[in-house]
Every structure is written in structure tokens, then in C-alpha cells.
Amino acid sequence: MSDSIPRVTEIHAIPQQEFREGSQLDTARNVYTLLQVRTDAGITGIGSCYTSTDLVRAALGRLHDLIIGEVAIEPERVHEKLEQSGFWWGRGGTITHTISGIDIALWDIFGQVTGQPIARLLGGYYREKVKPYASLSMSRHDQLKADLEAAMARGFKAFKLGWGRFGRTGNPADDEAIIRMARQTVGDGEIMVDPGGSQQFWPHSYKWALRTADMLADYDVVWFEEALPPDDLEGYKLLREHSRVMISAGEVLTRRQSFEPFLEQGAWDIVQPDCTKVGGISEARHIAWMAYRHNILTVPHGWNTAVGLAADMHLIAALPVGKWVEYHQPSQVIDEIVVEPFQMDEEGMLRVPTKPGLGIELDWDGIEKLSYGTYKHD
Ligand SMILES: [Mg+2]
């Protein structure tokens, strides 16, 4: 092969954490890591991992000899090489989360070198716009109505309520009161509900989930997410069969092999792989196409950075059937690290980037700020 092919020379892990004055970078709150991949051609790519930077750095140390010097414009092969090389190193965990960021950055580089946006390299644009839903935390219970109104004012037409006290007070009427308030607030906007069954020691099983799904159907909720613990295959199969609202899950699974039984046995209506966890765009694409073969919709999990959101938009644009992407609100790691914040049109839709690679311009001042001064851009 020609020497003019760009090769990977360095990878920098950049911690990102929501900024609070007087606060410090700490492992518990640093749940995002950006990965900058540099090449001998002077082109750099950016990726994102949904995990803390200390874990990413440990994995990068282990992956170093496998990735430095590699071809920078063959994301899928390099991703598969790294993943299969990690079979003995805790595959599916930190190693896979870190490969996710490398993979996204390599797709970004591939796009810049070829002058094409990632969606085209993935097969092409089935759609030019995607529908972001404002992903809101019910842990901000007292502010939830204000959060919904702020998201509406920003142009969102779809809203997901996640975690917080839903399913945790012991009184189903408390859950219904939240959904009633949300329906009254957003009118005919789309509502999704995510109690967060991947929290440790989630106490509910099929009967609670079905009863709650019935309540949600009365409020015309679009989907019910992670109503059960993440590995409850049999529970999800039953719930999908009997629920009137769509059933979704998959955000904590990694590697396509983990998704296979759920997809092949029809356990969900919607699968929610996270590009920044499952192994990158390459792996999410395998999962999404497997889901498509079973007529299961992919809606990427994206409690995420602007880099992860951009990756999700390209992935969804390049699937035969696709609609939504998750957009965490409020979120500094999305809105403050890009030069041009994402803007919705009057229908509440986002235009998928069309510039080369991820097609976003990073605001390095914002990234430095959210790294709490631990990263200096050069
Ligand atoms: Mg969720």
C-alpha cells in the first residue's frame, strides 16, 4: 500500500464534565471522555466515550501497540481488530467503551480524507433530517415542568422523562401524576417514559411493567424504556407481546453479540445501542441492521456529548427506517462544545450534517472549560 495513507500517531483522552463553579473534575461525575485521534497527515478525528477518563486511559495503554501506526481511514477493520484483540481483557467493558471513541474518530478522519460525511460513507442518506427528543431527568422533579417548557421553547416536539422517582415511591398514582402533568404541559407533543431499569437492584418485574404500560398507553406515550432489568430477556418478550405502547431497551449492552438474542427473539420494539459504548459507529451499525432485519427500530441511546449526538445523526440518516435521536437537556457537553449549537426547524427536526466526517466544528474553549483546565488545545 502507498505511504500516502494516513496513519494514527497519537490519541488524547479529554475528560468532560458538566461545569459547576467551584467544583472539580472527579471520577464519579466525569462520565464523558472525548478522544482526539491524530495522524501523520495532519488530520485529526474526534470520538466520544460514555465513561470516565481514568478508565479510558487505562484501556488506551493496553490498546496502544495495536492502534498506533494503524491505517486511519479503515474504521471498520481497525474496530474489529481491536475488539477481537480484547477478548481476554474484559471485552464489552472499558476496552469496548474506549474502542467506541476510537472508532468514531476514525470514521471522522475517513470522512475528512474522502471529503464525505459519515452518513454517505455508511451507505447514504435515507433522510436529511432526524427528530431529536429532549431527554429530561425526573430527578429534577421540582423543575420538571419548567424543563419541559424550556425544551418546548427551544423547539423540541418530543420529550422523554427518565429515572428520578418514577416507579420508586411505591404508589402508582405518583407515576401517573407525573405523566398527566407532562401531557398537560406538552399538548400533542410526543412523550416517552424511561423509569431506568438498569439502575442497581431495580425491584420491578413483568406485572408492574405491564400495569404501568397500560397507564402510559392512556396518555398516548410513544415508548416505555427499560421497564425491566437489562438482562430480563423473558420479561421483555412477554412485555412486548402484551403492552399497548412500544417497548425499548439496550442502552447498557455492548457488542453486537449481546443484542442478538433480544433481536432474534423479538424482545423489543425499539433497540437503543449507544455509539459511545457498544464499540462505535461500526458496531452500532451492525446492531441497527440486525434490528432492521427483524423489523425492530433503532433509536440510539445518547446521554451524550455533541460528538456522540453527531455520530447518532449519521447512523440514523443511513438506515432504511429511522426517526429519533436522543438529545440530553439541559446539557453543556452538547451545547457548549460546538461552534454552532444544533438548531431545530419549525417541525422540531435537526438537519443531519453534510460536511465531511462528523460535520461539526468543535469549540475548543468550551471543551477546555468542561475539562476543568486539564486539557489545553494546541
Ligand atoms: Mg434510558
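Taken together, the values in this text are just the output of simple stated rules run on the coordinates, not laboratory data. Small disclaimer: the values here were computed from a predicted structure and weren't measured. Using ideal geometry, Cβ is built from the backbone for each residue, glycine included, and neighbour counts are taken over all protein chains shown.
Looking only at the stretch 120-351, where both bridge partners belong to it, what percent of the DSSP beta bridges are antiparallel (to the nearest 5)? Write down the numbers at each step before the final one.
On the way: 3 of 25 bridges.
Taking every DSSP beta bridge with both residues in the stretch 120-351, the antiparallel ones total about 10 percent.
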Between the residues P320, A182, A310, the Cα farthest towards the positive end of the dipole of the chain, that dipole coming from +1 and -1 charges on the beta-carbon of Lys, Arg, Asp and Glu, is from P320
Residues E340, E264, E251 in order from fewest to most other beta-carbon atoms within 10 Å are E340, E264, E251
Sorting Y292, G155, G42 by the position of each Cα along the dipole of the chain (Lys, Arg +1; Asp, Glu -1; all at Cβ), the one nearest the positive end of that ordering is Y292
The extension gain from A41 to Y126, computed as 0.36 nm times the residue separation minus the Cα-Cα distance, is 27.4 nm
Of the stretch 27-70, those with amide N under 20 Å from the point 7 Å along the Cα→Cβ vector of W88 are 58-68
Label model pair E340, T354: point-to-point distance (7 angstrom along the Cα→beta-carbon line) in nm is 1.1 nm
Placing each pseudo-label 7 Å from Cα in the direction of the beta carbon, H294 and Q265 end up separated by a distance in nanometres of 0.9 nm
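Subtracting the Cα-Cα distance from 0.36 nm times the residue separation, let me have the gained length for L66 to A177 in nm, one decimal.
On the way: separation 111, 0.36 × 111 = 39.96 nm, distance 5.30 nm.
Between L66 and A177, full extension yields an extra 34.7 nm.
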Quick calc, the stretch 120-351, dipole around Cα centre from Cβ unit charges on Lys, Arg (+) and Asp, Glu (-), nearest 20 debye, gives 320 debye
Rounded to the angstrom and largest first, Cα extents along the principal axes for the chain equal 65, 45, 38
Among V338, I109, P203, the residue whose Cα sits farthest towards the positive end of the charge dipole of the chain, when +1 is placed on the Cβ of each Lys and Arg and -1 on the Cβ of each Asp and Glu, is P203
At R0 = 45 Å the Cβ-Cβ FRET efficiency linking T374 and H242, nearest 0.05, sits at 0.35
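With all distinct Cα pairs included, what does the Kirkwood hydrodynamic radius of the stretch 196-330 come out to in Å, to one decimal, could you say? Working shown, then result.
Working: mean 1/r = 0.0672 Å⁻¹.
One over the average 1/r among Cα pairs gives 14.9 Å for the stretch 196-330.
Compute the Cα gyration tensor for the stretch 89-211, then decide on rounded, prolate or oblate, letting a ≥ b ≥ c be the square roots of its eigenvalues: rounded whenever a/c is under 1.5, prolate when a/b is larger than b/c in the other cases, and oblate in all that remain. Intermediate values should be presented prior to the final figure.
Values: a/c = 2.82, a/b = 1.54, b/c = 1.83.
Note, shape of the stretch 89-211 comes out oblate.
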Computed over the chain, the relative contact order (Cα-Cα under 8 Å, seq sep at least six) in percent reads 20 percent
The set of residues whose placed amide H lies less than 5 Å from the amide H of R7, leaving out same-chain residues fewer than 5 positions away, is D40, A41, A72
Expressed in nanometres to one decimal, the distance between label points 7 Å along Cα→Cβ at T9 and E149 is 5.3 nm
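Please give the calculated 222 nm ellipticity per residue for the chain, where each DSSP H segment of at least 4 residues contributes -39500 (n - 2.57) and the sum is spread over every residue; nearest 500 deg cm²/dmol?
On the way: 13 runs with 145 residues, N = 378.
Computed mean residue ellipticity for the chain: -11500 deg cm²/dmol.
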Counting only DSSP loop positions in the stretch 46-121, the chymotrypsin sites (Phe, Trp or Tyr not before Pro) whose Cβ has at most 13 other Cβ atoms within 10 Å are F87, W88, W89
